[in-house]
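Here is the structure we will look at.
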Amino acid sequence: TESDEAAPAVDEVDPEAPEPPVGEPGAGADEQPRSAEDELRRRLHEAEAARDQHLADLQRVSADFANFRKQTDKRHADTVAQAGSRLAEALLPVLDACDAAAQQGVEGIDHVADQLTHVLELEGLEIITDESEPFDPTRHEAAMSEPGDDEQDGPIVAEVLRTGYAWNGRVLRAAMVRVKG
């Protein structure tokens, strides 16, 4: 048939093909083929090499996943902290309104303001009322100043004009203060 003519005969040898090295399959008739034991050792070595490669791949993927998990957990914690900070910042006008209402003598507002402040403090709000403390430009905004005593080491907060707030150590709004010195 035509397909038999197109296919080369199994026993035909390509005259341009290089001679196989001694000891390998296809070597001359006088060479001994590999023993079964040598073949098993070769296959065992290949299997061990493949195992080692798979183990290295698994360890790399495992380390990558652990790093991914840490990054994801950190991003999640940062997102939660940022959301809490934004909420606290949005509630500052409410706290200011409560303070103003309390100063006007509105009854019952102190209790509401205290509860709101307490809940926010549990979550990380810090109220900045550093009267008689050294002036800190990262926490205080000087609205007024007056001369100080000679024995003073530097400017101090004489009066808090508007309460300042920090959220988990980050200043949301500096306290507006009158500075002495």
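Largest first, the three principal axis extents of the alpha carbons in the stretch 30-118 are 114, 16, 8 Å in whole numbers.
For the stretch 30-118, GluC sites (Glu not before Pro) are listed when DSSP marks them as loop and at most 11 other Cβ atoms sit within 10 Å of their Cβ; the list is GLU107. For ASP130, no residue whose modelled amide H falls within less than 5 Å of its own remains once neighbours fewer than 5 places apart on the same chain are excluded. Near the amide H of VAL106, within less than 5 Å, lie no amide hydrogens of residues on another chain or at least 5 residues away, with H placed in the peptide plane. Shape call for the stretch 61-180 from the C-alpha gyration tensor, a ≥ b ≥ c root eigenvalues: rounded (a/c under 1.5), prolate (a/b greater than b/c) or oblate? It comes out oblate by the Cα gyration axes.
Bear in mind these aren't lab numbers, they're just calculated from the coordinates by the rules spelled out. This is a predicted model, so every value here is computed, not measured. So basically every Cβ, Gly included, is an ideal-geometry build from the backbone, and we count neighbours across all protein chains shown.
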